[in-house]
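Encoded as structure tokens, the structure appears first; notes follow it.
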Amino acid sequence: MTTSEGEQGSGGAGAEQAAAGGGAQRPEARLEQAVRAAEQALIEFEIAVDTFRIEVENFSRLHEQRLGPVYARLEELDARILEARAARSGDPEDRRLADDARSRLQPIPGVEELLNGWMDGNGLFPEAAAMLTDQPVRPPERVRPSEEARKLYRDLARKAHPDLAQEEAERHRREEFITRVNAAYARGSEAELRELTEEWAAGPKLRERAPSAGEELYARLEWLAQRKELLTLVAKELEEGAIGSMLRLAPDDPDRLLEEIAAQLRAQVAEREAELAALEAPEN
């Protein structure tokens, strides 16, 4: 056998071995695929939870701005009704109930200084004071993000998610950036989100991820599972909360839902005012 024949034979055998083993995956390959799939699934889950959280926060602000004064009026009427009943009956228990109701409405001493003018001396927000003095209430700021803002937010969250970082410095950079993204989305600002999209595109590129050892992959999967459990609890708390439950009744038109609730509350106010008027009317 000549040298060339030996080399050819050796090369041929090696080729055959490579061909035979070409379809086999490395031991960690399937685990790596599972980790990548779990990471992407977790990121999508986090985006969904954060989107709903921001919508809940925005709806909560609208709810407080529009309905807070009406709730305050109902509480005041309830206290006055109990006081009127106590004045009529002279019953010590009625007086105790009236005093308890009134004490819950008393402002905290010095609250105006603490809150720097957010509330007046009677413990009322400006919107409540305006309503009770028949003045126009400041219209609430509309903070529901548009569909385009939602799209920009989701795209940025997928690209800049901190879980995609391989080094602590990169994770820190991503966390700071995502904080700015969340703030812009909460304001519903398409312009800010577009600027952030351009900023991210111009930033440092993510390095290729080196293959992980089996132990590191298992640890990563365990962390992902724990993170998913935590997010599930957060999502459940948001969905079962008072504001989240209301928002889920009309996710596409929360303004209409607020108007329906406001109409119900106004009806309750009218009932309380009529009851109070009857109690305060001179007895025959």
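The values are calculated or read from the model by the stated rules, or taken from the named source; none is laboratory data. Because the structure is predicted, anything quoted here is derived from the model rather than measured. Every residue, glycine among them, receives a Cβ derived from its backbone with ideal geometry; neighbour counts consider all protein chains shown. Keep in mind that these areas ignore ligands, DNA and RNA; they rest on the heavy atoms of the full protein, side chains included. Shrake-Rupley method; radii C 1.70, N 1.55, O 1.52, S 1.80 Å.
Kindly indicate the residue of the stretch 185-200 that is in a helix (DSSP H, G or I) and either more than 26 Å from the chain's Cα centre (by Cα) or at pLDDT below 85 (or both) and also farthest from Glu28 (Cα to Cα) among those meeting that condition.
Ala186
Check the stretch 207-220 and report whether any residue there is at negative phi, modelled with pLDDT of 80 or more and in a helix (DSSP H, G or I).
no
Would you check which residues across the stretch 214-239 are within 25 Å of the chain's Cα centre (by Cα), open to solvent by 90 Å² or more (accessible area, probe 1.4 Å) and farther than 16 Å from Ala48 by Cα and list them?
Scanning the stretch 214-239 gives Trp223, Gln226.
Would you check if Arg53 is within 30 Å of Ala157 (Cβ to Cβ), at pLDDT below 80 and basic (Lys, Arg)?
Criteria not met by Arg53.
Please specify each residue of the stretch 87-97 satisfying the condition of being farther than 25 Å from Leu265 by Cα and part of a helix (DSSP H, G or I).
Passing the criteria: Ala87, Arg88, Ser89, Pro92, Glu93, Asp94, Arg95, Arg96.
Restricting to the stretch 243-258, count the residues that are open to solvent by 20 Å² or more (accessible area, probe 1.4 Å) and part of a helix (DSSP H, G or I).
Of the residues in that region, 7 qualify.
Restricted to the stretch 78-108, and to residues that are over 42 Å from the mean Cα position of the chain (by Cα) and among the basic types (Lys, Arg), which residue is farthest from Glu275 (Cα to Cα)?
Looking at the filtered set, the residue picked out is Arg95.
Out of (1) at pLDDT below 85; (2) closer than 24 Å to Arg256 by Cα; (3) open to solvent by 40 Å² or more (accessible area, probe 1.4 Å), what's the single condition that is false for Ala128?
(3)
Scanning the stretch 143-177 for residues that are among the aliphatic types (A, V, I, L, M) and surrounded by fewer than 19 Cβ atoms within 10 Å (Cβ to Cβ), which turns out nearest to Asp252 (Cα to Cα)?
Among them, the one singled out is Val143.
Could you check how many residues of the stretch 163-181 are at pLDDT below 85 and within 18 Å of the chain's Cα centre (by Cα)?
Final tally of qualifying residues: 0.
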